1. When the residues of the range 339-354 are narrowed to those that are at pLDDT below 85 and closer than 17 Å to F317 by Cβ, which ends up surrounded by the most Cβ atoms within 10 Å (Cβ to Cβ)?
2. Filter the range 162-176 for residues that are part of a loop (DSSP other than H, G, I, E, B) and in contact with a strand residue (DSSP E or B) (Cβ under 9 Å, 6 or more places away or on another chain); which is nearest to L138 (Cα to Cα)?
3. Out of I102, I142, I57, report the one residue that is closer than 22 Å to Y160 by Cα, of a type in the set (A, V, I, L, M, F, W, C) and in a helix (DSSP H, G or I).
4. Determine whether S94 is within 17 Å of L169 (Cα to Cα), in the same structural domain as V173 (by TED's automatic domain parsing) and either among the acidic types (D, E) or touching a Cys at 6+ places or on another chain (Cβ under 8 Å) (or both).
5. Does N183 satisfy the criteria of being surrounded by fewer than 15 Cβ atoms within 10 Å (Cβ to Cβ), farther than 25 Å from P67 by Cα and at pLDDT 90 or above?
6. The conditions are (1) over 29 Å from C305 (Cα atoms); (2) part of a loop (DSSP other than H, G, I, E, B), and V90 fails exactly one of them. Which is it?
7. Can you pull out the residues in the range 92-102 that are in contact with a Phe, Trp or Tyr (Cβ under 9 Å, 6 or more places away or on another chain) and surrounded by fewer than 19 Cβ atoms within 10 Å (Cβ to Cβ)?
Amino acid sequence: MSSFLEPVLRRVHGVRRARAWLPLAAAMVLGGQALAQDRFPGVGRAATPKEVAAWDIDVRPDFKGLPPGSGSVDKGQDIWEAKCASCHGVFGESNSVFNPLIGGTSKQDIETGRVANLMRTDYPGRTTIMKVATVSTLWDYINRAMPWNEPKSLKPDEVYAVTAFLLNLADVVPQDFTLSDKNIAEVQKRMPNRNGMTTQHALWPGKELKGLGKPDTKAVACMKDCSVAGEKIAELPPFARDAHGNLRDQNRTVGPQRGADTSRPEGKLGDAARPVAVKGPAAPPAAGSSAEAAALLQKHSCTACHAQGSKLVGPSFADIAKKYAGKADYLAGKIRSGSTGVWGEIPMPPQTAPDADVKALAAWLAAGAKP
């Protein structure tokens, strides 16, 4: 404390006064820390600088926050095929799990910085590379959220490589390119939609298209005579609940929310709606039990692609158990090495779970996958 404050106080008050003021200055600093801790008494504590640094991983469009590193297109292709292609396709074009990432842009778009197909009302679909304006957005999202089943597992150099591979698929960078923190600002100048950002966020057709834009909503804030909680005046009658088919089957099989199972009465959940994971017991679950399997399925994010009784991205646990009854060793090998073509076009990437966990899951599946 003295080494920090004494030079300042020496200039203002002189040596003698500086030494007299040092204890008071130290008390003020410590008192400020105590006040910060008392802002929310009894609720946690102030985050340490290291904790803040660990959370502060966002990358801004001006590339502040971007860590040093580099990655080549070729390296990115290897990572992509191992960890990304199962959801996005080998060339980022798949529409099976998520919307396509690549497609719809041209070399002319790279020159102008505006994607021409975004102005067409008849274009069949929009890809990520058509809409995203800043390369920092790609880097930041891949770094924070990908791969889907193992977010934040990629090292900075791997994120650079995967980003470079995506940009190469869109003809933004050449095949022999290496993306780094040193040249990413130059790459930004070639983003197909870099000049396409707008504040005209109206519902289609919007001001950009034929000048017919209107606000999404037009409302005035209620500041008096505000209504109280309303009473239910209508509900879906039972005979109409499944009039147009099961809503669960019509929802996208992505994410934890599956939608209502309208093939059953309200309040009755189908197998797909029942969570696979169970509440943790007071004691560790017994080896080989369904409770142990449920804990492992949640731990390794297996339920992101599989459900107990119905197909999601991959087959249900029940279907796997029926097809490979008693074949624990075979199933363990498939979990470790990955699989493709057996249950459809979407491959399962190799899993990196500990060997003991893989064996436990394989044994549970081989024994019938009882929930």
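1. If we take residues in the range 339-354 being at pLDDT below 85 and closer than 17 Å to F317 by Cβ, then M348 is surrounded by the most Cβ atoms within 10 Å (Cβ to Cβ).
2. V173
3. Result of the check over I102, I142, I57: I142.
4. So S94 passes the test.
5. In short, no.
6. The single condition V90 does not satisfy is (1).
7. Correct list: V97, F98.
To keep it simple, each residue is scored yes or no on (1) assigned by TED's automatic domain parsing to the domain that holds P100; (2) exposed (fewer than 12 other Cβ atoms within 10 Å of the Cβ); (3) closer than 30 Å to T340 by Cβ.
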{"residue": "G42", "(1), (2), (3)": "no, yes, no"}
{"residue": "V52", "(1), (2), (3)": "no, yes, no"}
{"residue": "V59", "(1), (2), (3)": "no, no, no"}
{"residue": "F63", "(1), (2), (3)": "no, no, no"}
{"residue": "Q77", "(1), (2), (3)": "yes, no, yes"}
{"residue": "E81", "(1), (2), (3)": "yes, no, yes"}
{"residue": "S86", "(1), (2), (3)": "yes, no, yes"}
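The values are calculated or read from the model by the stated rules, or taken from the named source; none is laboratory data. This is a predicted model, so every value here is computed, not measured. Here the Cβ is made from the backbone with ideal geometry for all residues, glycine too, and neighbour counts use every protein chain on show.
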